[in-house]
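Notes to accompany the following structure.
The values are calculated or read from the model by the stated rules, or taken from the named source; none is laboratory data. What you see is a predicted model; the values in this text were computed from it and never measured. For neighbour counting, all protein chains shown are included, and Cβ atoms are generated from backbone atoms with ideal geometry for every residue, glycine included. The protein model used for the area step is the full one, side chains on, heavy atoms only, and it has no ligands, DNA or RNA in it. Shrake-Rupley method; radii C 1.70, N 1.55, O 1.52, S 1.80 Å.
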Amino acid sequence: MEKKIIYSGIQPTGLVTLGNYIGALQNWLKFQDDENYQCIYSIADLHSLTVRQVPAEFRNRALSFFAQYLACGLDPQKNIMYFQSHVHEHAELTWILNCITYIGEASRMTQFKEKSQKHPDNINMGLMDYPVLMAADILLYNTALVPVGVDQKQHLEIARDLAIRFNNAYSPTFTVPEPLISKVGAKIMSLQNPTAKMSKSDTNANATVSILDSEDDIMRKFKKAVTDSDNEIRFGEDKPGVSNLITIYASCKSISIDDAVKELQGLSYASLKEAVGASVAELLAPIKSRYNDFMNDKEQLLAIAKNGQEQASYIARKTLRKVYKKVGLVQL
Ligand code: AQP
C-alpha cells in the first residue's frame, strides 16, 4: 500500500512556542512510527522573508529551529526534514500557482490583513503570496494530510482550491490535501491576553512560553497568567484564561478536557497556575538538553539537512516536471 504523505512546517521567526508545540509538533510526533504515513517537515525559511530579517540572526535562528525539531524527538531516519530554501522547486511551483490565483482571494486572507496592519511600512508582494507558497509546499509532495493549528485553516483552503483549479484546468495532477487539526490544543492562547493566539512574534515575553524556557521562567510566566475574577475551574467561552490553562494541561498530560477539569477541580487559581506550569515544565524538560547537543554539532545538523534536501528534491522534481509539461512548457 502506498504511504499517505503528511506535510507541515514552521517559519523560523521569533521562538518555537508552546503553541507551536501543542498545535503542530506534538501531532507530528504521533505519525513518525506509523507505517501508513511518510512525513515531510520543512523549516519554512522563505516564508519568513515576508517580514524583514537581520541576515546573521535569521541564519542562526533557522538552524536553531531545525535543532528544536530534532530535540522535540522528530527522527530524521523516519521523517524527511529539510529547509524550504534548499529545494528550489518550491519557488518554481509558486510561480505556476500564482498564475492561477486571483488577487481577490489572496488579499482576503486574514493573516495578510493582520500582517499588513502590523507592518504598514512593508506590505510586500511576498506577504500576499504567503498562502500560494504554502500551497506549493504542500502540493509538491502529493500531500494527503496537513497537521496545523486552526489559524492555518484558511490557508489550507486556498491550497485545496488551487489543487482543484489546476486539476480541472489541465488534468488530475495534485492530491487535494485535508487539514488535520487536533480537537484539543488547536489554538493555544496568549497567557497575557487569552482572547488572542499565543504568537511567536509577541513582544510581551510573559505572553508566550518558548519550548526552551527554563523551569523557573515557565513557572513565573504561568504564575502571572491572566485568569478572571471568580474562582471557578470550568471550561467555557466566558472563561478564556482558565479554559486556556485547562487546554494546556490536557495537552501536556495527553488527556481529555473533561479529565483535566476533574483533575484540577477544587484548586485555587494560584494552585491551578502552578499545576499547569509544572505540567509544561515536565513536558519540555528533556527537549532542552537534547537541543544543546544538536546545536553544539553544526556539522551533524547540516548533514541531516542535506540528506533531507536530497530526499525532498527527488519528490519535488518529479512533481514539477509533470506540472511544467501539463502547462505546456517546452521539455528538453
Ligand atoms: N497558538 C497556537 N496554537 C496552536 N497552534 C499554533 N500554531 C501557531 N501558533 C499556534 C501552529 O504552529 C505551526 C507553525 O506556525 P507559524 O510558523 O505560522 O507560526 P506562528 O506561531 O503562527 O507565527 P506567528 O505567531 O503568527 O508569528 P510570525 O508569523 O510573526 O512568525 C502552524 O501549524 C500553526 O497553525
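Worth a mention:
Residue-by-condition table, conditions (1) crowded, with 21+ Cβ neighbours inside 10 Å; (2) outside any helix (DSSP H, G or I); (3) hydroxyl-bearing (Ser, Thr, Tyr); (4) touching a residue at least 40 places away in the same chain (Cβ under 8 Å):
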site	(1), (2), (3), (4)
ALA24	yes, no, no, yes
ASP34	no, yes, no, no
PHE65	yes, no, no, yes
GLN68	yes, no, no, yes
GLN77	no, yes, no, no
ILE80	yes, yes, no, yes
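- Filtering the range 105-155 to residues that are free of Cβ contacts under 8 Å to residues at least 40 places away in the same chain and over 30 Å from ARG317 (Cα atoms) leaves ARG108, LYS113, GLU114, SER116, GLN117, LYS118, PRO120, ASP121, ILE123.
- Against the list (1) under 24 Å from the mean Cα position of the chain (by Cα); (2) of a type in the set (A, V, I, L, M, F, W, C); (3) in a helix (DSSP H, G or I), the condition MET219 fails is (1).
- Among the residues here, PRO120 does not qualify as open to solvent by 10 Å² or more (accessible area, probe 1.4 Å) and either near the ligand (Cβ under 10 Å from one of its atoms) or charged (D, E, K, R) (or both).
- Filter result for LYS78 (at pLDDT below 95 and among the basic types (Lys, Arg)): no
- Filtering ALA281, ALA316 for residues that are in contact with a Ser or Thr (Cβ under 9 Å, 6 or more places away or on another chain) and surrounded by 17 or more Cβ atoms within 10 Å (Cβ to Cβ) leaves a single hit, ALA281.
- Of all the residues in the range 199-231, those that are within 15 Å of the ligand (Cβ to nearest atom), touching a Lys or Arg at 6+ places or on another chain (Cβ under 9 Å) and hydroxyl-bearing (Ser, Thr, Tyr) number 3.
- Qualifying residue in the range 175-187 (condition: within 28 Å of GLU105 (Cα to Cα), out of contact with any Lys or Arg (no Cβ under 9 Å at 6 or more places or on another chain) and outside any loop (DSSP other than H, G, I, E, B)): yes
- When we screen GLY236, GLY185, GLY241 for residues that are closer than 23 Å to ASP259 by Cα, away from the ligand (no atom under 12 Å from the Cβ) and surrounded by 17 or more Cβ atoms within 10 Å (Cβ to Cβ), the only hit is GLY241.
Yes/no matrix, rows are residues, columns are (1) within 16 Å of the ligand (Cβ to nearest atom); (2) open to solvent by 40 Å² or more (accessible area, probe 1.4 Å); (3) modelled with pLDDT under 95:
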residue	(1), (2), (3)
ASP137	yes, no, no
VAL146	yes, no, no
ALA163	no, no, no
ASN168	no, yes, no
PHE174	no, no, no
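- The single residue among THR101, THR50, THR13 that is in a loop (DSSP other than H, G, I, E, B) and either away from the ligand (no atom under 11 Å from the Cβ) or surrounded by fewer than 16 Cβ atoms within 10 Å (Cβ to Cβ) (or both) turns out to be THR101.
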